[in-house]
Amino acid sequence: MQSDRLSGKTRLAISYLFVPGNRPERFSKACEAGPDAIILDLEDAVHPDSKAAARAAIRAWQETAPSVACERYIRLNSVSSALFRQDLTWLRDACYPERCDGIFLPKAECPEALAPVVEQLLAWQPQLQIVAIIETAKGLQQVEAIAAIPGVARLAFGSLDFALDINCSQVPEAFLFARNRIVLASRTADLPAPIDGVTPAISDLAVVAKDAQYARSLGFGAKLCIHPGQLTTVQRAFLPDSRQLAWADRVMRAVATGSHAVQVDGEMVDLPLIEHAQRLLDVASQHAPVARADAC
């Protein structure tokens, strides 16, 4: 992953699908559903009594399924918990670093505590993509420092836990400040656009689409999913639609003569819009299998 997300040349995951670590029968099915990445979960989706079984199930699957089409992440337990220390021991002694693309660190709050953890994880697997999840008020207050930790590759927003932490309703206006700050912290740290939180609605894809499109409008670049049925809707929401691509193509054809100030569709287009058009085309080419055909 390149450090500057504006280069537009690196394919970034858009859809991340959670799979409970103690449900091994779902692991391969989750990959076959077509996410950009799966997250084998050791945290909230797994009862404390089932943590050891979940670790064993993930290890067994890593042994028997070395090749899958999507990226593989593991969400560990909170850094401040005893369970996390067990997770680190398990990773070091029993897992397969070459088959793990990344780690999600939940409830990221204290940069001083996170930095040595990130260092340990990168010593285990230097290519690891480490995602810090901001899901508490304390984490939001430290988000700029967390984003700046060497080795943190991306930020995510844990909206459900954040709502619980500050005792707010799960409505867009309650999360606006947090989302804006996470987006800005990502940009100032030269990280990719952050990952938005889950939408609890499983079967109401209109709600999923609305949530994803709203997050995209604020500057998010991906979304966490809790059901395979959400994947296509999320992927389409974060990709340019046919109208945007047609506009981008007209812009790039208009500037082919070398000018950075042209008229397209009766409107002036200068360098920032030209770069935006190129970015749309780059993103669409990187995600060609799920490029949007609609104009929603």
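Going through the stretch 260-296 one residue at a time, which ones are at pLDDT 70 or above and not in a helix (DSSP H, G or I)?
260, 261, 262, 263, 264, 265, 266, 267, 268, 269, 270, 287 - these are the residues of the stretch 260-296 that are at pLDDT 70 or above and not in a helix (DSSP H, G or I).
What number goes with the only condition from (1) without any contact (Cβ under 8 Å) to a residue 60 or more places away in the chain; (2) assigned to a helix (DSSP H, G or I); (3) closer than 28 Å to residue 148 by Cα that residue 233 does not pass?
(3)
Consider residue 19 against the criteria (1) crowded, with 20+ Cβ neighbours inside 10 Å; (2) in a loop (DSSP other than H, G, I, E, B): it satisfies all of them except one. Which criterion is unmet?
With respect to (1) crowded, with 20+ Cβ neighbours inside 10 Å; (2) in a loop (DSSP other than H, G, I, E, B), residue 19 is out only on (2).
Test of understanding: among 133, 166, 146, which residue is touching a residue at least 12 places away in the same chain (Cβ under 8 Å), over 25 Å from residue 235 (Cβ atoms) and either outside the structural domain of residue 18 (by TED's automatic domain parsing) or touching an Asp or Glu at 6+ places or on another chain (Cβ under 9 Å) (or both)?
Answer to the check: 146.
Exactly one of these conditions fails for residue 215: (1) crowded, with 22+ Cβ neighbours inside 10 Å; (2) part of a helix (DSSP H, G or I); (3) in contact with a helix residue (DSSP H, G or I) (Cβ under 6 Å, 6 or more places away or on another chain). Give me its number.
(3)
Listed here are the residues, each with its yes/no results for (1) within 11 Å of residue 134 (Cβ to Cβ); (2) outside the structural domain of residue 133 (by TED's automatic domain parsing); (3) assigned to a loop (DSSP other than H, G, I, E, B); (4) at pLDDT 95 or above.
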| site | (1), (2), (3), (4) |
| --- | --- |
| 174 | no, no, no, yes |
| 177 | no, no, no, yes |
| 182 | yes, no, no, yes |
| 192 | no, no, yes, yes |
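If you go through the stretch 91-123 one residue at a time, how many are under 26 Å from residue 36 (Cα atoms), surrounded by fewer than 15 Cβ atoms within 10 Å (Cβ to Cβ) and hydrophobic (A, V, I, L, M, F, W, C)?
So the answer is 2.
Please verify whether the stretch 110-120 includes one or more residues that are closer than 22 Å to residue 224 by Cβ and of a type outside the set (A, V, I, L, M, F, W, C).
No, because not a single residue in the stretch 110-120 is closer than 22 Å to residue 224 by Cβ and of a type outside the set (A, V, I, L, M, F, W, C).
The values are calculated or read from the model by the stated rules, or taken from the named source; none is laboratory data. None of these values were measured; they are calculated from a predicted model. Cβ atoms come from the backbone with ideal geometry, glycine included; neighbour counts cover every protein chain shown.
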